[in-house]
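Before any comments, here is the structure.
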Amino acid sequence: MTHLRFLHSPATPAVMAGNVRQAFLLLRTVFTVAPIVFGLDKFLGRLTDWEQYLAPWVNGIVPGDAHQAMLAVGVVEVLAGVLVAVRPAIGGYVVAAWLLGIIVNLVTMGAYLDVALRDVGLLAGALALARLASPTLTAPPTARDAR
């Protein structure tokens with residue numbers, strides 16, 4: 001069983017640092033590109049009919065019609081993506097809050113629950129990005145720390 005030895009040996013600090021850096025770069029890239037692409041598509045309408053995802057109660061409280069609301073959403077999404085690129089410690093939390101709003105919107109519609117569930121996973125990823133980008137990130141406690 002020597003081929004499974006890596007499952008039981010802890011990573012060295014250098015390996016862990018490299019893994020953390022790679023995870024951070026992956027999350028920052030995805031949470032920069034995706035909101036910008038989705039935000040721009042609110043204007044282009046190539047990916048889907050975005051208005052179908054707006055809950056009627058939300059449409060009733062925003063000024064204008066659903067299309068105008070989606071244009072505003074597009075602007076916010078582009079700005080959120082840019083914020084993630086330049087200040088991921090803040091942008092990660094902004095994207096997480098935005099995703100929470102989308103989840104509430106979809107769940108209260110009682111439709112697109114699969115998309116809402118996917119967005120729960122994305123919200124967790126956005127929070128992970130914010131934590132990885134935090135200047136106060138500390139290593140998890142080890143068994144040695146407990147002594």
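The values are calculated or read from the model by the stated rules, or taken from the named source; none is laboratory data. This is a predicted model, so every value here is computed, not measured. With ideal geometry, Cβ positions are generated from the backbone for all residues, glycine too; neighbour counts draw on all protein chains shown.
Assorted remarks:
- Across the range 92-106, a minimum of one residue is classified as more than 22 Å from G45 (Cβ to Cβ), touching an Asp or Glu at 6+ places or on another chain (Cβ under 6 Å), at pLDDT 95 or above and not aromatic (F, W, Y).
- Unmet criterion (only one of (1) of a type in the set (D, E); (2) surrounded by fewer than 15 Cβ atoms within 10 Å (Cβ to Cβ); (3) closer than 22 Å to L25 by Cα) for D119: (2)
- Residue list for the range 77-115, filter: assigned to a helix (DSSP H, G or I), of a type in the set (G, A, S) and surrounded by fewer than 19 Cβ atoms within 10 Å (Cβ to Cβ): A85, A89, A97, G101
- Residue within the range 80-87 that is under 30 Å from R21 (Cα atoms) and charged (D, E, K, R) present: yes
- Out of R28, R21, sole residue that is at pLDDT below 95, within 18 Å of the chain's Cα centre (by Cα) and assigned to a helix (DSSP H, G or I): R21
- Long-range neighbours under 9 Å by Cβ, at least six apart or interchain, first residue over 18 Å from G110 (Cα atoms) and β-branched (V, I, T) within the range 43-68, second at pLDDT 95 or above and assigned to a helix (DSSP H, G or I): T48/D41; V62/Q68; V62/A69; V62/A72
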